[in-house]
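Notes for the one structure printed next.
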Amino acid sequence: MSTAVMNYAMIGGGKDSFIGGVHRKAAALDGRTRLVAGAFSSTPERSLESARAIGVPEDRAYGSWREMLSAEADREKHGRVDFVSIVTPNHMHFAPAKAALEAGFHVVCDKPFTLTPGEAEELIALADARNLVCAVTYNYTGFPMIRHAAELCRTGQLGTIRKVFVEYHQGWLATALESTGMKQAAWRTDPAKAGLGGSLGDIGTHAENLISFVTGLEIESLCADLTSFVHGRELDDDAAVLIRFADSIAKGVLTCSQVCVGEGNALSLRVYGDAGGLTWRLGSPDNLVVAPLEGDPITLTRGGDQLCDRAKLATRLPPGHPEGFIEAFANIYLGVVEAIEAKRSGCEPTGLGAEIPTATDGLRGVRFVETCVESAREGNRWVEFS
Ligand SMILES: NC(=O)c1ccc[n+]([C@@H]2O[C@H](COP(=O)([O-])OP(=O)(O)OC[C@H]3O[C@@H](n4cnc5c(N)ncnc54)[C@H](O)[C@@H]3O)[C@@H](O)[C@H]2O)c1
């Protein structure tokens, strides 16, 4: 097994940001990546300040992402970065991702991937043409018990799937936080920066991705009811979506909301087939409750012998020592490193490298948001998902 270390650069993720620090910790967890460069903020001064705080050398702390990509591309092949992580607000994903792929860098980009499906399609085509990895950090797919849930569903162990529920509920936007100067709330509620979806883009895309990853079902059509509960807010802060799937009797119900007072990150997934059911909750991510048709439900635990190889591969600690958000996120980064290595050796990725969420998953998330908004604007009409 390779232990080579890959260099990467970060765009966004300044010292006061939220998810950039999580990416850095997750990428560092297995010792397979090294953060060597960055354009961490929208101004050169703040970018340099962040580089100092993060520990990136000043000669590779760039004033803008354009400057960084151009300077890194000019470096000797040996010393330049292998991939670029993009952790800026949503409207600032497409342009740097495009420029990074054009310069020959592999890309990791946070969700929602782009503002429009056309942009996502352009990035997919670019990555394919240049044989580059372009991953989207749908990090919840990195949980071992989510991988086991996918194995159970996709190998028919629940029988024919009938019903899928996914809920992602938060409470932090229950008031007009955006008018207090809180920047994370401000860009998330601004259509120019967040895109067409509010809660839908921010957390609904994770929910959509979980349904797809775990069940393998493809959305055929949907009917969405979107609400902006907070007065004056332009984008949805609450969504309820009914889903029908292609070539399946299954029906889905997805809800996402950021006005559920008291909820932090209440993400859960339940799948029911004609031979069994399963439940997973982010609050106890090491557990997966599996119910047979007859008899009592059993709780499977991460690290247990009875889990599938996919789940074992995504596990670092024995059962009883909890793993969580960072470890799941780290599985995406380790997968990216392995996927890049596979590309370089001209092989298909295996193991964690075969499980990374791709730009195609990113495109589906962007289409999901667009289709929900179309349905809601047209009086909650059922709309084909193409
Ligand atoms: N995968 C997840 O679980 C998860 C969780 C939270 C956020 N996200 C996504 O991550 C992204 C960032 O979210 P956040 O909450 O960290 O936002 P944030 O506002 O906390 O941080 C954004 C960072 O980007 C920087 N930035 C803005 N414009 C820039 C530019 N032109 N060049 C360089 N840097 C720039 C800001 O200075 C800041 O440091 C969003 O797309 C969001 O949807 C994903």
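The values are calculated or read from the model by the stated rules, or taken from the named source; none is laboratory data. Remember, it's a predicted structure, so these values are computed and weren't measured experimentally. Positions of Cβ are backbone-derived with ideal geometry, glycine not excepted, and every protein chain shown enters the neighbour counts.
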- Note on the structure: When (1) in contact (Cβ under 8 Å) with a residue 60 or more places away in the chain; (2) hydrophobic (A, V, I, L, M, F, W, C); (3) surrounded by fewer than 21 Cβ atoms within 10 Å (Cβ to Cβ); (4) closer than 30 Å to K193 by Cα are applied to L226, the one that fails is (3)
- Does L200 meet the test of being more than 16 Å from the ligand (Cβ to nearest atom), under 20 Å from A266 (Cα atoms) and either modelled with pLDDT of 95 or more or assigned by TED's automatic domain parsing to the domain that holds G277 (or both)? no
- Mind listing whichever residues of the range 70-93 are within 15 Å of the ligand (Cβ to nearest atom) and either in contact (Cβ under 8 Å) with a residue 60 or more places away in the chain or over 30 Å from A185 (Cβ atoms) (or both)? S70, A71, E72, V84, S85, I86, V87, T88, P89, N90, H91, M92
- Message: Given (1) within 11 Å of the ligand (Cβ to nearest atom); (2) not assigned by TED's automatic domain parsing to the domain that holds D237; (3) not in a loop (DSSP other than H, G, I, E, B), identify the lone condition not met by A135.
- Response: (1)
- Message: Quick check on A103: is it under 24 Å from G362 (Cβ atoms), away from the ligand (no atom under 11 Å from the Cβ), touching a strand residue (DSSP E or B) at 6+ places or on another chain (Cβ under 6 Å) and modelled with pLDDT of 95 or more?
- Response: no
- Message: Criterion first (crowded, with 22+ Cβ neighbours inside 10 Å and within 11 Å of the ligand (Cβ to nearest atom)) does T215 satisfy it?
- Response: no
- Message: With the requirement that a residue be assigned to a loop (DSSP other than H, G, I, E, B), in contact (Cβ under 8 Å) with a residue 40 or more places away in the chain and either in contact with a Leu (Cβ under 7 Å, 6 or more places away or on another chain) or surrounded by fewer than 14 Cβ atoms within 10 Å (Cβ to Cβ) (or both), what does the range 268-292 give you?
- Response: D274, A275, L282
- Task: State all residues of the range 81-122 that are over 22 Å from L210 (Cα atoms) and among the hydrophobic types (A, V, I, L, M, F, W, C); if no residue qualifies, say none.
- Result: V81, F83, V84, M92, F94, A95, A97, A99, A100, L101, A103, F105
- Within the bounds of the range 339-350, is there any residue that is in contact (Cβ under 8 Å) with a residue 24 or more places away in the chain, part of a helix (DSSP H, G or I), out of contact with any Lys or Arg (no Cβ under 7 Å at 6 or more places or on another chain) and β-branched (V, I, T)? yes
- Mind listing whichever residues of the range 304-313 are assigned to a loop (DSSP other than H, G, I, E, B) and free of Cβ contacts under 8 Å to residues at least 24 places away in the same chain? G304, D305, Q306
- What is the residue count in the range 229-244 for residues that are surrounded by 15 or more Cβ atoms within 10 Å (Cβ to Cβ) and touching a helix residue (DSSP H, G or I) at 6+ places or on another chain (Cβ under 8 Å)? 8
- Task: Identify, from the list A4, A37, A27, the residue that is more than 12 Å from the ligand (Cβ to nearest atom) and assigned to a helix (DSSP H, G or I).
- Result: A27
- Query: Just one of the numbered conditions (1) away from the ligand (no atom under 11 Å from the Cβ); (2) under 19 Å from L123 (Cα atoms); (3) surrounded by fewer than 16 Cβ atoms within 10 Å (Cβ to Cβ) is not true of P57; which one?
  - Reply: (2)
- Task: Go over the candidates G79, G55, G38, G21 one by one and state the one that is modelled with pLDDT under 95 and not aliphatic (A, V, I, L, M).
- Result: G79
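Quick check on my filter: what residues within the range 138-155 are within 14 Å of the chain's Cα centre (by Cα) and outside any helix (DSSP H, G or I)?
Those that are within 14 Å of the chain's Cα centre (by Cα) and outside any helix (DSSP H, G or I): Y138, F143.
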